[in-house]
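Presented below is the structure to which this report refers.
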Amino acid sequence: MKLLVTLKRTPQRDARIRIAEGGDSLDLDNIQFEVNPFDELAVEEALRIRETLGEAEVVVVTVGGEESQQQLVSAMAMGADRAVRIDGGGTLDSLQIARALAAVAAREEPDLVLSGKLAVDDECGQVPAMLAGLLGWPQANQASSIELSADGASVTVVCEVDAGLETLRLDLPALVTADLRLNEPRYASLPGIMKAKKKPVEVLAIEELCDPGATRSRVTGFRALQEKPPGAILGSVDELAEVLVEKKLI
Amino acid sequence: MTDTLIVIQAASGELGKSDLSAVGFGLELASAAGGQLDLLLLGPGAEAQAGPAAALGARQVFTMGGAELETYTAEVFAGATAFFLEGRSYRCVGAATNSASREYFPRLAAVLDAPMASDVLEVESVDPDRAVFTRAVFVGNLLATVELEAPRVLVTCRASEFEPPPSSEAAPIEAVDAPGGLAHPGKAFVGIEAATSDRPDLKEADIIVSVGRGTRGPEEGIPLCERLADVLDAALGATRAVVDAGWMANEFQIGQTGKIVAPEVYIAIGLSGSIQHLAGMRNSRTIVAINKDPEAPIFEVADFGLVADLFDAVPELTAALEKRSG
Ligand SMILES: Cc1cc2nc3c(=O)[nH]c(=O)nc-3n(C[C@H](O)[C@H](O)[C@H](O)COP(=O)(O)OP(=O)(O)OC[C@H]3O[C@@H](n4cnc5c(N)ncnc54)[C@H](O)[C@@H]3O)c2cc1C
Ligand SMILES: Nc1ncnc2c1ncn2[C@@H]1O[C@H](COP(=O)(O)O)[C@@H](O)[C@H]1O
């Protein structure tokens with residue numbers, strides 16, 4: 001069985017991102033980066049599936065510049081077998097990234113693609129469903145559990161939907177996105193980190209794989225949230241009850 | 001191409017508050033583009049909801065039901081919408097952000113080869129070849145301007161940021177037949193485990209009482225908060241810490257990976273106010289925080305704060321409000 005995990009390099013989860021002077025870009029100079037937290041869950045899930053099966057290949061793929069090599073290595077330090085990096089150059093939009101990933105999926109022919117449900121930087125939540133749509137594969141979003149059938153031909157996925165927990169069965173090949181409660185990602189071990197340095201990373205230019213088409217979605221500027229005036233700290237429960245009633249809040 | 005189509009997932013029951021807001025969003029899109037709004041209701045509730053939907057200012061309401069649309073799946077909804085759009089031209093195709101549109105809209109975008117903006121907060125402009133929106137990025141800490149350059153774009157909206165439209169004259173309703181073969185052969189819907197609660201729905205409620213780890217769970221502080229919620233006829237919400245601890249079900253989670261809400265009043269109890277939680281509630285009209293730690297970040301966004309032990313303050317507040325409401 002082959003598992004393909006898509007991952008993105010994103011700023012560390014609690015980083016305070018500032019807008020650069022001029023307002024059309026971000027000041028990322030002193031920001032540390034990591035594997036997008038939801039993609040880390042996807043990597044972990046792939047490793048667990050490999051462990052249950054005893055044998056499987058876990059391939060991680062990213063579309064990004066040289067700097068995202070580090071996040072591929074992090075995933076391999078967790079245990080992924082090898083990595084593919086697609087060098088896009090410039091800014092690519094979600095559909096272009098999905099096209100590149102679809103081309104990798106066509107070459108690698110994985111049984112299951114695992115992705116994060118959301119990238120914590122752009123917060124689009126678009127690429128995985130676009131990828132499933134391009135491939136014509138069934139998809140499941142926001143998974144909190146994934147179980148492979150005994151014959152290895154399908155997965156049963158529990159998805160966190162607005163109304164509660166939905167259970168779906170997908171025949172493979174399929175695409176599933178990870179939500180927070182899917183698992184607890186492991187830390188890379190020291191031997192894992194040493195081994196990762198020797199694992200192969202294949203680098204391909206996007207044009208070698210597909211015609212990505214034009215970039216049609218762009219972020220052209222940033223703004224800070226509107227400052228809220230500081231609130232009032234009240235002295236007692238009675239005061240709070242009074243405020244709530246008086247301001248007709250309740 | 002100046003018209004807008006809003007797609008509504010019509011499960012059984014009435015149109016929800018976020019459906020109404022999505023129509024309000026659609027009217028904004030249509031007016032920015034200089035065109036008109038049509039609605040497409042998909043699913044088993046389409047016919048029943050068409051009447052009320054027709055009185056919201058749209059030019060025309062379309063319904064599509066049938067066996068294959070009985071149960072929502074991303075593949076069926078993307079397929080049905082793509083089928084409907086064949087031979088019809090719309091400048092913008094939109095929907096409210098929810099767990100369904102989060103998956104079927106990007107799938108549809110790929111099928112249609114159209115760019116998409118997710119969960120927008122504002123419509124800035126819609127010109128013939130450029131549409132500009134504002135959306136939140138980096139865990140809701142920044143606003144980004146997004147420009148889509150294409151003659152047809154897909155866009156989902158954060159419903160809490162848009163007003164339901166006033167009622168208007170009834171628009172014509174037309175039933176459209178669903179094509180066969182929408183269901184993906186490789187996908188089966190097994191079931192759904194939905195919470196049953198007598199309390200208002202999180203997305204519909206005017207008041208939300210939200211509980212954090214400080215409540216120490218269902219044996220200790222959570223029942224106190226439930227009583228407060230009952231007195232206020234409020235919905236209950238929770239932080240991830242509470243859901244992860246198994247104290248409340250996942251559909252109560254508010255935040256980056258839960259629901260995004262903006263009620264009239266949000267009462268945060270024993271929760272610290274992590275950036276991921278704030279991302280889901282910071283646009284609430286009035287925020288009240290009860291926390292024993294004066295340094296808790298929730299006080300930075302609270303309109304009214306009370307530094308107190310919740311085990312004392314919540315029962316006292318409940319009693320005080322009960323007395324006042326008499
Ligand atoms: C990728 C990612 C996504 C996430 N998504 C979400 C999300 O969607 N929603 C979410 O909520 N979190 C999310 N989180 C988790 C988030 O970072 C926090 O861990 C979580 O919100 C903390 O929950 P809490 O405020 O209940 O607990 P804590 O941070 O532990 O806060 C408990 C608070 O209770 C107060 N307290 C304790 N005892 C009392 C008392 N007796 N009386 C009064 N006050 C008391 C304490 O002072 C403290 O402020 C996410 C994290 C990551 C990494
Ligand atoms: N540049 C990229 N390379 C690889 N995977 C990506 C990339 N961008 C997004 N993804 C995948 O798509 C998911 C959702 O991203 P987004 O649509 O940007 O919110 C991420 O968690 C990744 O798994």
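Couple of notes before you dig in:
- Test for A:Arg16: is it away from ligand 2 (no atom under 15 Å from the Cβ) and away from chain B (no Cβ under 12 Å): no
- Residue check, B:Glu204 under 25 Å from B:Leu321 (Cβ atoms), assigned to a loop (DSSP other than H, G, I, E, B) and either more than 9 Å from chain A (Cβ to nearest Cβ) or in contact with a helix residue (DSSP H, G or I) (Cβ under 9 Å, 6 or more places away or on another chain) (or both): yes
- Qualifying residue in the range A:104-122 (condition: closer than 30 Å to B:Ala279 by Cβ, out of contact with any Pro (no Cβ under 6 Å at 6 or more places or on another chain), surrounded by 17 or more Cβ atoms within 10 Å (Cβ to Cβ) and small (Gly, Ala, Ser)): yes
- When we screen B:Phe105, B:Phe84 for residues that are open to solvent by less than 20 Å² (accessible area, probe 1.4 Å), more than 14 Å from chain A (Cβ to nearest Cβ) and at pLDDT 95 or above, the only hit is B:Phe84.
- Applying the set (1) open to solvent by 10 Å² or more (accessible area, probe 1.4 Å); (2) assigned to a helix (DSSP H, G or I); (3) more than 14 Å from ligand 2 (Cβ to nearest atom) to A:Ile97 leaves exactly one unmet item: (3).
- Boolean, B:Asp303 is within 11 Å of chain A (Cβ to nearest Cβ), more than 25 Å from A:Asp122 (Cα to Cα) and near ligand 1 (Cβ under 9 Å from one of its atoms): no
- Residue ID - farthest from ligand 2 (Cβ to nearest atom), chosen from residues in the range A:73-94 that are acidic (Asp, Glu) and not in a strand (DSSP E or B): A:Asp81
- Residue satisfying all of: in the range A:119-168; more than 14 Å from ligand 2 (Cβ to nearest atom) and of a type in the set (D, E, K, R); nearest to B:Leu202 (Cα to Cα) among these: A:Asp162
- Taken together, the criteria exclude B:Asp312 from residues that are open to solvent by 10 Å² or more (accessible area, probe 1.4 Å), in contact with a Ser or Thr (Cβ under 6 Å, 6 or more places away or on another chain) and more than 16 Å from ligand 2 (Cβ to nearest atom).
- Residue match in the range B:159-172 (condition: more than 16 Å from the chain's Cα centre (by Cα), within 21 Å of B:Gly258 (Cα to Cα), charged (D, E, K, R) and part of a loop (DSSP other than H, G, I, E, B)): no
The values are calculated or read from the model by the stated rules, or taken from the named source; none is laboratory data. Bear in mind that the values here come from a model prediction, so they are computed numbers and not experimental data. Cβ: placed from backbone, ideal geometry, glycine included. Neighbour counts: every protein chain shown. What goes into the accessible areas is simple: the full protein's heavy atoms, side chains included, and nothing from ligands, DNA or RNA. Shrake-Rupley method; radii C 1.70, N 1.55, O 1.52, S 1.80 Å.
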